[in-house]
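Every read-out reported here was derived from the displayed coordinates using simple, explicitly stated rules and does not represent laboratory data. Model, not experiment: these values are computed from the prediction. Note that each Cβ is placed from the backbone with ideal geometry, even for glycine, and that neighbours are counted across all protein chains shown.
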Amino acid sequence: MSDLSSMTPSERRFYEAGERQERIWVFIVLILLTVLTIIAMLYVVIDYNLVTKSGGQTPVIGQMTTDQAQPEGVAVETGPNAYTVSLVARMWRWAPGPIHVKQGAKITFRVTSADVLHGFEVQGTDINLTAVPGEIGLVSHVFRKPGTYYIICNEYCGLMHHAMASPIIVDPARPEAEAAQ
Amino acid sequence: MSAHLSTPAAVAVPRPDVLAAERRMMLAFLVVGFSALLLGAGIGPLQALNYSGHNLYPALRPFFQSYYQGLTIHGVMNGYVFTFFVICGLLVYLPARELGITPNMTLWRGSFVIMLIGTGLVLAAMFDNSSNVLWTFYPPLKGSPLFYFGLTALGLGSTLPLPILLQMRSAWKKQRPGEVTPLVTYMALITMLMWDVSTIGIMTELVIQMDPWSLGLIHTVDPAISRTLYWLTGHPIVYFWLMPAYVSWYGLLANQLGGRLASDAMGRLTFVLMLIFSLPVGSHHQFADPGFSPIWRGILVVLTMSVAFPSLITAFTMGLTLEFAGRKRGGKGILGWFKALPWGNPSVAAQVLSMLTFVIGGASGMVNGSWQLDAVVHNTTFIPGHFHMTVGSVVAMTFMGMAFWLIPHLTGRALISRRLALAAAWLWFIGMSTFGIGMQTAGLYGVPRRAWVSALPHEAFHTLYGAAHIPMALIGIGGVILWLAMICFYIVFFGSLLFGRKIEAPAIPFARAFGRSESYSLERPAVPSEHTSSLARAMEPVWFWTGVATLICALSYVPIFWSFLRHMTLSPGWVAW
Ligand SMILES: [Cu+2]
């Protein structure tokens, strides 16, 4: 009120143009965010079990550490071309030794911790899961390329946190299996 | 001013001795805050050099035992102590001067003293190497009671500006019935309402879990519940840092530029949107945790994306404000107005440069916010890269920029060197950008955050992170540039306080806005409410908006806590350093 009358003509022009553009901008932003959100949601729905790795699971108290049927850090066949690897993270190691998995197979990692929080990250993939004591996290992945990958702890877990890395060795699928596909 | 406006209701200008007491208090908050930053950010480059493979910690043995101890001090000093002191000073002092009302000095001093005690406790706990839990202090890692009680005190002290603001606002409203709250006071109030609601999370965690646990009164805690309570506050805390910087951008910067704020009402809308969207989305920091349903993650993606809305409005309003000032100063053409800004003013330079880094930092925030993309970058150096480009530049540089006018204003002493102050702003901008780009790129190679990688044997370092050696070198270079920036800044800061030439203290640069309501009130004629924008009036019932925000926050957390409480997984504590 007071200001509109005290503005110079050029100031007033700038102000009125600015107000108009502001409305347009807010409109564009709203459209942009709506579209982005819809895409993100579609991605969530479509990819549900395909790309999304850190599928949550209701906490299962202490099951893993007492379940001796599941050896630590060994791929156990659970179906056609599907394996499960159970891991109990401890300060400051992931598994008793290198973990061998097969190229092209669906590998499900069951990860928990025996002490503090750890972060289960496999370098070069989008596997990323917090290891929480008393809870089991599930994450599935298909390693397309053979070679050595590293599990790197990415949740601070004490003095040797940085040294908590273990290899996953992806063995090449047999040539005849490749031919059969 | 137009003749048909009524004369201002008599505002009793506070007595000079009262004003002097307020200035001294503000100065105390500022000096303690920036001293904390001197320690916290002073350690920062050690962390940066760690990622370029240079392990300086063994050389610092008597003071620091490990990288993790240094990192804990870095995070706590910068994230809690520096920000809390500066913010709790500014968000009382600026509104008090805007309204021309004396704040409740007892409460304000109380806030200062409680936070100072808290700072003493956490410093003791961190320097005796008993609490290397990092600033997020996730249990079951267990530090000393001093650490948790110190944080409890810091948290408590930081909530006290709210009652002071409420008191001042209601006193002002009595003198000016029917008017909307002046802009700076309004923004400060929304910030404090947001913060005080959000501290419920971390204060519950500290008081119910960490404090009694550290004393041995309880033996176990549920780490998942702790984490969720932590992030209930841990996400809004980013806005608690950011919003005071926005107070300066919206409420003061236009004046420093010699222009006008493009829109007063948009500033109010931005703050209310941040209040509503920042509270419910904290658990997006837990995308990688087990126990969160995919549907829940989808909802969080939507809410998190919404946070971009107020930031994009701010980008527009600030852009327009800068353009107006630049054109008024004779800037021509598409970008001429940007060059024509008063770049010789270090306070302006620091703030405008921080806006530039915010554009990059904000865009990368959209990456972390979406669940699928987050799976790639979660807990890699991408994340600290992101928040150093936002908080570490926007907030730190804006506060530095404010210090450049606050010191002359509070002490009546000129800056000892305008050139050094400008150098500090530019070096911080260059250093933080180099560091941030290095961190974000290294994160894409899977380099984990918070890891003492330079202590690894050379062979292991090379095998795991060799592919990222160029971005990791950038991290180290950025750190060293930041050290130079700090040297420049602190020579100016402490030098001006002690040896600055005596001048007449400049006034606070409260800005004027375009449109119907101006942003300062002291000498302002009364503006009847029918002459203020309807958007500004719609934003005025702050308790209504706080209620809406609290309700959405509660709705978003009830399902999470419900499932966690039914499946408690209790852990004993671990001391692992
Ligand atoms: Cu670990």
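Summing Cβ point charges (Lys, Arg +1; Asp, Glu -1) relative to the Cα centre of region A:60-180 gives a dipole of roughly 160 debye.
Dividing the alpha-carbon radius of gyration of chain B by the rule-of-thumb value 2.2 N^0.38 Å gives 0.95. Cα centroids of region B:144-210 and region B:304-322: 25 Å apart. For region B:196-277, the normalised intensity computed at q = 0.14, 0.15, 0.24 Å⁻¹ comes to -0.61, -0.66, -1.07 (log10 of I(q)/I(0), Debye sum over alpha carbons, equal scatterers, no solvent). Residues within the reach of a label modelled at residue B:127 (point 7 angstrom out along Cα to beta-carbon, backbone nitrogen below 17 Å), restricted to region B:47-65, are B:60-65. When Rg and Dmax are taken over the Cα atoms of region A:65-129, they come to 11.9, 35 Å. Mean separation of Cα pairs under 8 Å and 6 or more residues apart, divided by the residue count, gives region A:99-181 a relative contact order of 35 percent. For residue B:500, the shell of other residues with beta-carbons less than 14 Å away shows a net charge of +3, using +1 for Lys and Arg and -1 for Asp and Glu. Full extension of the chain between residue B:55 and residue B:15 yields a length gain of 8.9 nm, computed as 0.36 nm times the residue separation minus the alpha carbon distance. Summed over qualifying helices (DSSP H, 4 residues or more, each -39500 (n - 2.57)) and divided by its residue number, the protein assembly as shown shows a 222 nm mean residue ellipticity of -19000 deg cm²/dmol.
With a Cα cut-off of under 20 Å and a minimum spacing of 8 residues unless on different chains, the lysine pairs in the protein assembly as shown number 6. Stretching the chain fully between residue B:167 and residue B:419 yields a gain of 86.6 nm (0.36 nm per residue, less the alpha carbon separation). Fraction of C-alpha pairs exceeding 21 angstrom in region B:151-260: 51 percent, rounded to a whole number.
When only alpha carbons of the protein assembly as shown are considered, Rg and Dmax amount to 26.8, 93 Å. Helices that extend 27 Å or more along their long axis by alpha-carbon positions and average at least 1.6 on the Kyte-Doolittle scale are, among the DSSP H runs of chain B, B:105-127, B:469-499.
In region A:60-180, the ratio of gyration radius to Kirkwood radius, Rg to Rh, stands at 0.98 when only Cα atoms are counted.
Its relative contact order, with pairs defined as Cα atoms under 8 Å and 6+ residues apart, puts chain B at 20 percent.
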